[in-house]
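The values are calculated or read from the model by the stated rules, or taken from the named source; none is laboratory data. Being a predicted model, the structure only gives us computed values, none of them experimental. As a convention, Cβ positions derive from the backbone with ideal geometry for all residues, glycine included, and neighbour counts pool all protein chains shown. When the accessible area is computed, the model is the full protein with side chains, heavy atoms only, and any ligands, DNA or RNA have been set aside. Shrake-Rupley method; radii C 1.70, N 1.55, O 1.52, S 1.80 Å.
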Amino acid sequence: MADMNGQFFWYELMTSDPQAALAFYGDVVGWTAQPFGDAPGDEPYMVVSGSAGPVGGVMAIPAEAKDCGMTPWWGGYVGSGDVDADAARLVAAGGRVQREPEDIPGVGRFAVMADPGGATFMLLKGSSPDEMDPVPPMAMGHVGWHELYSSDFDADLDFYTGAFGWTKGEAMDMGEMGLYQLVSQTGGSDFQSMSGGIMPRPKEMPVPLWLFYFIVGDIDAAVARVTAGGGTVLNGPMAVPGGGWIIQALDPQGAMFALVGMRAGEES
């Protein structure tokens, strides 16, 4: 079992058309889906799974959120041992509470937070005493990289390394775009332990956000599935250190996501 406190471990899509989104990602990423528990209604919470088990969930945008202008969006949950205490601690470190801690029956206790630059994430302490099994590296359909487009690079870097205990790896100079700081959620310092990066938000990005890279096999075949399914490739395929290739894209409902994979005939 893995201790997920302070680490992203669950990913959730709130969308305007859950069934269409499930069909799209099922084709592009290869997920299977099933309703959570015995949830009633026409639009139950759908749990999606990759090759090594559950990845996250897909749900309709709640009416109150839609009324406030929420558009389709991927969010990430960070494990917490005590949501109320962690929320207070993160506020003291420069974050803010966007939704006060509350219970989700049968799931656990959660809160919606923002980092100093304004990017949203959630805290979650599950109601089950069991911890999630660690996901093998590069497991198909799971998240292989976490990328923060930050509106306050220095403050956010201090926030995640200080309040969450993440460690810094290499900082890559991207010229006019600033530094791309590699980070490890597990405390490692070598390249293999890096799980994401923090970079200044580009002017093309309307808001600060966390972007999640889902693992696929052949990146070019995945690009073809994205476009055939009605998605839009924003950038890539682009080579990255370690031998992989990435794209950033929009799904048909407008939620931003990313993929990481290899090219046919290339090995990692």
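Quick notes on this structure:
- Pick from the range 118-138, criterion part of a loop (DSSP other than H, G, I, E, B) and modelled with pLDDT of 95 or more, ranking: surrounded by the fewest Cβ atoms within 10 Å (Cβ to Cβ): Gly118
- The range 139-156, residues that are within 21 Å of Val97 (Cβ to Cβ) and either buried (at least 20 other Cβ atoms within 10 Å of the Cβ) or of a type outside the set (Ser, Thr, Tyr) (or both): Leu148, Ser150, Asp152, Ala155, Asp156
- Evaluation of Ala163 against the conditions (1) out of contact with any helix residue (DSSP H, G or I) (no Cβ under 8 Å at 6 or more places or on another chain); (2) open to solvent by less than 30 Å² (accessible area, probe 1.4 Å); (3) in contact (Cβ under 8 Å) with a residue 24 or more places away in the chain shows that the sole unmet condition is (1).
- Any strands (runs of 3 or more DSSP E) falling wholly within the range 1-117 and containing at least 2 residues that are open to solvent by 50 Å² or more (accessible area, probe 1.4 Å) and modelled with pLDDT of 95 or more: 32-35, 96-104
- Hits in the range 225-245 (condition: at positive phi, assigned to a loop (DSSP other than H, G, I, E, B) and open to solvent by less than 40 Å² (accessible area, probe 1.4 Å)): Gly243
- Selection of first residues in the range 84-96 that are over 13 Å from Gly162 (Cβ atoms) and of second residues that are assigned to a loop (DSSP other than H, G, I, E, B), restricted to Cβ pairs under 6 Å at least 6 apart or on distinct chains, gives the following pairs, ordered by first then second residue: Asp86/Ser80.
- Taking the criterion of being of a type in the set (S, T, N, Q), surrounded by fewer than 20 Cβ atoms within 10 Å (Cβ to Cβ), within 18 Å of the chain's Cα centre (by Cα) and assigned to a loop (DSSP other than H, G, I, E, B), the residues of the range 168-224 that qualify are Thr186, Ser195.
- Qualifying residue in the range 128-150 (condition: touching a Pro at 6+ places or on another chain (Cβ under 7 Å) and farther than 21 Å from Ser49 by Cβ): yes
- Where a residue in the range 211-236 is basic (Lys, Arg) and its partner, wherever it lies, is modelled with pLDDT of 95 or more, with Cβ under 7 Å and at least six apart: Arg225/Asp27; Arg225/Val28
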